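For reference, the structure is listed below as C-alpha cells.
Each value in this text was obtained by applying a stated rule to the coordinates, not by laboratory testing. Keep in mind it's a predicted model, so treat the numbers as computed, not measured. Every residue, glycine as well, gets a Cβ built from its backbone with ideal geometry; the counts of neighbours run over all protein chains shown.
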Amino acid sequence: MRYTDDILTIPADNADNALVLGTALHTGLEKGVQAAVDEYYNSYPIITDLHVNEVIKLEYLIKKARLLLPEGGEFEKVISNTDFLGMADYLVPVENNVYDLYDFKYTNNGSNYKKSPQLHIYKHFLEPNIKIRNMHYLIVPKINIKQKKTEDLSQFRKRIQIELNRLEPYLMPIEFDYNKVIEFLIGIKHIHETTNFYKNASYFCNWCEYQLYCEKGLDYMLLPKNERRTTDKINKHTVWLYGAPFSGKTTFANQFPDPLMLNTDGNIKFVDAPFVLIKDSVIVNGRITKKTLAWEVFKEIITELEKKDNDFKTIIVDLLEDTYEYCRLYMYDKMSITHESDDSFRAWDKVRTEFLSTIKRLMNLDYENIILISHEDTSKDITRKSGDKITAIKPNLQEKVSNKISGMVDIVTRAIVEDNIYTLSFKTSEVIFGGGRLKISTKEIPLNYAEFLRIYEEGASTMDNNETQAAEKPRRSASGMRRAVKVNELEPETETLQETADSKEAHEQPEEAPDNTNNEQIEVPVRTRKRRNE
C-alpha cells in the first residue's frame, strides 16, 4: 500500500512515536542535543507534558551515546551504484581508504540486530571502492514506564531520571556474513516478481498503520492523485483558522471568493456571505413531530455539496468544535447513551471515527477553498522540565481530534487582535498550536485575503522545490535502511523495501498516553524513520 500503490495515511501523533523519536535521535548524534530537541518539537503541532517527558530522555541518552562515537566521521553517507541506493548512519576513516561502519538504533532489543542483514549489505555495496574494517550498531536503550495514579508529574519525572541513570548506550560489534547479502538479494528478486499481495494477518497487524483499512475497510486513508502538481498556481486552499472571539476570523473568511458559510453560532450579522445555520431542525405536522439533529443536517449539506450543483468556490465551517459536539450528541442518540463513559470500550472511538470520517468528506470536496474556523483555548498549562508552567494556545477541540484535523489541512494559522490591529500569525512553538505542509517564512501578516493568498502560494512554491530535491535522495525504510534496490536491472525505476531487522523489535508496543480515551485503539505507524531535512 505504501510503496506500490502510494497510499498515504494521516501520521500518528503520539508523543512516543518511534518514527519521530528515531529521527530526533539521529539528528542529536550528528548535530547535538538542541538540534534533536528542535527536530522533535517541530514534528508536532502542539507540545504537552508527554512530549517534555520524551525530551528529558533524549537529552540524557544523546549526551551519553555521543561519547561512544569516534570523531572525524561522515554522517549519512550515501551508498549509490547501479544496483543499490542506501545511506549509512556513520562512516569513520581509520587509515587510507579503510573505514569503520556504524548504525544507530533506539531500542531495547539490541540483540535482535545481530540477525539483521543491514550492515552486511552496506559493507557489500561500499566495497570495493573502500574497505570496511569493523561494523557496529550503536544501541541506545529506551525507557517505557507510565505515570502512576499515586504520583504527580514532578515525582514521575524524578522516576524517569532514576531509570535513565541505570541505562547505558553501548556499541555492538557485527561480524560480516556474506550469506545475509545473498538472502537479501533473493528476497528483493521475489519482491520484483510478486504481482499478487494477499493478506497475512498476524499479531504484527497491531503495529501497522493500514490495519483499520485492511481489516475493516474504514474510510480514513488519504489517497493522492497519481500525477505531479504544479504549484505556480494553487487550485485549492485548505486552512484551519483559530483565534479568540472577535479576532476577525469570520470577517477574514468572508473575503474569500463566492463563500458559503456553514454556521453554528449565529455569528453572521456582519458578513454578507450566504449561510446555512447548522442546528437541530424540528418540524411539526399535526401530531407528528420530526426532529433532525444538527449533525444530520451537517452531513446532508456535505452530501449536497458533493453533487457540485452550485457555483460556490469557498466552503467555511464556523465553528468546527460545535460540529464535534453535534456529532457527540448524534452518536449518543444512536448508541442510546448519555456520555462516552457509558460505553467506554467503544463510544470514544466511535464518536471520533464518525466525526473524522465526515470531516474528511468535507476536506475532499472539489472547491477552491475549504476553511475551518475554531475558537482558541488557553485553559491548559504545560510543565517544563524546570518545573515552571506555561500556557498552551490551541484550538478549542479535543487534542487527539485536533492533531488529526491538522493533518488534513495545508496550514493551521491563528487570528490575533491587539490594539485594534488584526493580524494572521503563523508562529508555532512548544505552546502555540500551528504548522502545516507549507513552508511559511513570514511569521505574521495583516488579516486580509490578498496578503494571505500571496504568502500561501509562496509557501507552496517553496514546498514544491524542497520536495523535488528530496525526491532525489534515498528514504529510510523500516529496518533503518534507505530503500531503493535494483536487482539485475529488472525494473530500474522501481523502489523496493526489504523488511527484516525490525521484525522482533515490533513487539515493543508503544506506551499509551494517559487521557480520557484510554480504551481507544492505538494507531502506530510502520516503523519507518522519516527523512531528515539536510
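Provide the packing ranking of 16-22, 245-251, i.e. peptides ordered by the mean count of other C-beta atoms within 10 Å per residue, highest first.
Ranked from most to least packed, the peptides come out as 16-22, 245-251.
Give, as ranges by residue number, the residues of region 30-60 whose backbone N falls under 15 Å from the point 7 Å along Cα→Cβ of LYS380.
44-53
Working out 0.36 nm times the residue gap between ILE302 and ASP152, then minus their Cα-Cα distance, what length gain in nm do you get to one decimal?
Value of the extension gain: 49.5 nm.
So what's the convex hull volume per residue for the Cα atoms of region 7-53, in Å³? Walk me through the intermediate numbers first.
On the way: hull volume 3.8 nm³, N = 47.
Residue-normalised Cα hull volume stands at 81 Å³.
Ranked highest first by average number of other Cβ atoms within 10 Å, how do 82-92, 262-272, 432-442 line up? Each step should come with its number before you reach the end.
Numbers: 82-92: 19.7, 262-272: 15.1, 432-442: 18.1.
Top of the packing list down: 82-92, 432-442, 262-272.
Using label points projected 7 Å from each Cα along Cα→Cβ, tell me how many nm separate ASP258 and LYS64, to one decimal.
A separation of 6.2 nm, rounded to one decimal place.
Using a Förster distance of 41 angstrom, determine the FRET efficiency expected from the C-beta separation of CYS214 and GLU71, and round it to 0.05.
Working: r = 46 Å, r/R0 = 1.13.
Efficiency, from the Cβ-Cβ distance: 0.35.
Which entries in LYS63/LYS439; LYS142/LYS385; LYS199/LYS404; LYS31/LYS443 show an alpha-carbon gap greater than 22 Å?
Checking Cα-Cα distances, LYS63/LYS439; LYS199/LYS404; LYS31/LYS443 exceed 22 Å.
Return the distance in nm (one decimal) between the two label points of a simple spin-label model at SER202 and SER357, each offset 7 Å from Cα along Cα→Cβ.
3.0
How big is the equivalent ellipsoid of region 234-468 along its three axes, where each semi-axis is √(5λ) from the Cα gyration tensor, reported in whole Å from largest to smallest?
Values: eigenvalues 183, 112, 60 Å².
The equivalent ellipsoid of region 234-468 has semi-axes of 30, 24, 17 Å.
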